[in-house]
Amino acid sequence: MRIRVINPNTTVAMTDLAAAAAHAVAAPGTVIEGITPAMGPASIESHYDEALSIPGLLTEIARGEAAGVDGYVISCFGDPGLDAARELARGPVIGIAEAAMQAASHLGRGFSVVTTLARTSGRAAELAERYGMRRFCLGIHACEIPVLELEDPKARTVIVDACREAVHTDNSDAIVLGCAGMADLCEYLTREVGVPVIDGVAAATLTVQSLVTMGLRKSGRGEYATPLPKHYTGLLAGFSTDAEEARS
Ligand code: 2AL
């Protein structure tokens, strides 16, 4: 089975980090391919970044379909372009926020999200609502660390403090990490904080793997059917769906 872990931002180090987190949990027969789009923002921490990450992501889904990929992980906590990606793909497409929140809901009565900048909190709240997770999502806490500074050794301490504070304030039973760039901290945080800490990259990878193993594919009926043939103009001409070669 081939799973593509698409990092919707263009920072290769973050793609490598996410691919490593996926590889660490995948079954021996599952091939993980980390993908960095050729266009898009260096990191995603605003609605503008998120909107402009989607063309690069959809290009990679189209490429994956041409290459016969079995399923995809969208490796950014805003789950950008999830519905559109599902329209293009034959197999499952899972966002890390949806997978992490669902996993957390199996492990305790409520979870806290610990994210990067406070300005990403609204999106996390919207996603909890969308996925029916509002009842479980007891709070969203920002560390005010920009995505590309997560690898700074000082970030660890700030994140561990934010997780402890979140558990205390929300009386929560689990932590959901609000950024793919935190995936490598998951084990350390679990040890330090003493509650389950869920990395969405691992959770989404195993959700895709499970669905494909069960022989389940995306439903082609209704809203997730292939987009209607349509001509696009200007910079988006390559996204036209009225000619197969348009997307190549
Ligand atoms: C993210 C993420 O997962 N990747 C990225 O670029 N931004 N999430 C976040 N809360 O900042």
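So which of THR205, THR233 ends up being polar (S, T, N, Q) and open to solvent by less than 50 Å² (accessible area, probe 1.4 Å)? Give the steps one after another, and end with the answer.
On the way: THR233 fails: open to solvent by less than 50 Å² (accessible area, probe 1.4 Å).
The match here is THR205.
Restricting the first member to the range 209-234 and to residues that are touching a residue at least 40 places away in the same chain (Cβ under 8 Å) and under 30 Å from ALA24 (Cα atoms), and the second to residues that are assigned to a helix (DSSP H, G or I) and among the hydroxyl-bearing types (Ser, Thr, Tyr), the beta-carbon pairs closer than 9 Å and six or more apart or on different chains are LEU216/SER210; LYS218/TYR224. Scanning the range 150-183 for residues that are within 14 Å of the ligand (Cβ to nearest atom) and open to solvent by 80 Å² or more (accessible area, probe 1.4 Å) turns up just one, GLU151.
For (1) touching a strand residue (DSSP E or B) at 6+ places or on another chain (Cβ under 9 Å); (2) farther than 28 Å from VAL193 by Cα; (3) surrounded by fewer than 19 Cβ atoms within 10 Å (Cβ to Cβ), each residue gets a yes or a no:
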position: TYR48; (1), (2), (3): no, yes, yes
position: LEU52; (1), (2), (3): no, yes, yes
position: LEU57; (1), (2), (3): yes, yes, no
position: VAL114; (1), (2), (3): yes, no, no
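If the condition is being part of a helix (DSSP H, G or I), more than 16 Å from the ligand (Cβ to nearest atom) and aliphatic (A, V, I, L, M), then the range 27-71 contributes LEU58, ILE61, ALA62, ALA66.
Taken over the range 93-110, the residue count meeting the criterion of being in a helix (DSSP H, G or I), of a type outside the set (Gly, Ala, Ser) and within 24 Å of ARG63 (Cβ to Cβ) is 2. When we screen ARG123, ARG134, ARG90 for residues that are part of a helix (DSSP H, G or I) and either closer than 21 Å to ALA204 by Cα or at pLDDT 95 or above (or both), the only hit is ARG123.
Table: residues versus (1) under 19 Å from the mean Cα position of the chain (by Cα); (2) within 16 Å of CYS143 (Cα to Cα).
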position	(1), (2)
ALA180	yes, yes
ASP184	yes, no
GLU187	yes, no
VAL193	no, yes
ILE198	yes, no
ALA203	yes, no
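Scanning the range 11-46 for residues that are open to solvent by less than 50 Å² (accessible area, probe 1.4 Å) and among the charged types (D, E, K, R) turns up GLU33, GLU45.
Restricting to the range 16-43, give me the number of residues that are under 21 Å from VAL212 (Cβ atoms) and hydroxyl-bearing (Ser, Thr, Tyr). Steps first, please.
So in the range 16-43, the residues under 21 Å from VAL212 (Cβ atoms) come out as 18-35.
Of the ones still in play, those that are also hydroxyl-bearing (Ser, Thr, Tyr) are 30.
Qualifying residue count, the range 16-43: 1.
Scan the range 116-145 for residues that are open to solvent by less than 20 Å² (accessible area, probe 1.4 Å) and within 17 Å of the chain's Cα centre (by Cα) and the total you get is 5.
The values are calculated or read from the model by the stated rules, or taken from the named source; none is laboratory data. None of these values were measured; they are calculated from a predicted model. FYI the Cβ positions are ideal-geometry reconstructions off the backbone, even for glycines, and counts take in every protein chain you see. Ligands, DNA and RNA are stripped out before the accessible areas are found, and what is left, the full protein with its side chains, is counted by its heavy atoms. Shrake-Rupley method; radii C 1.70, N 1.55, O 1.52, S 1.80 Å.
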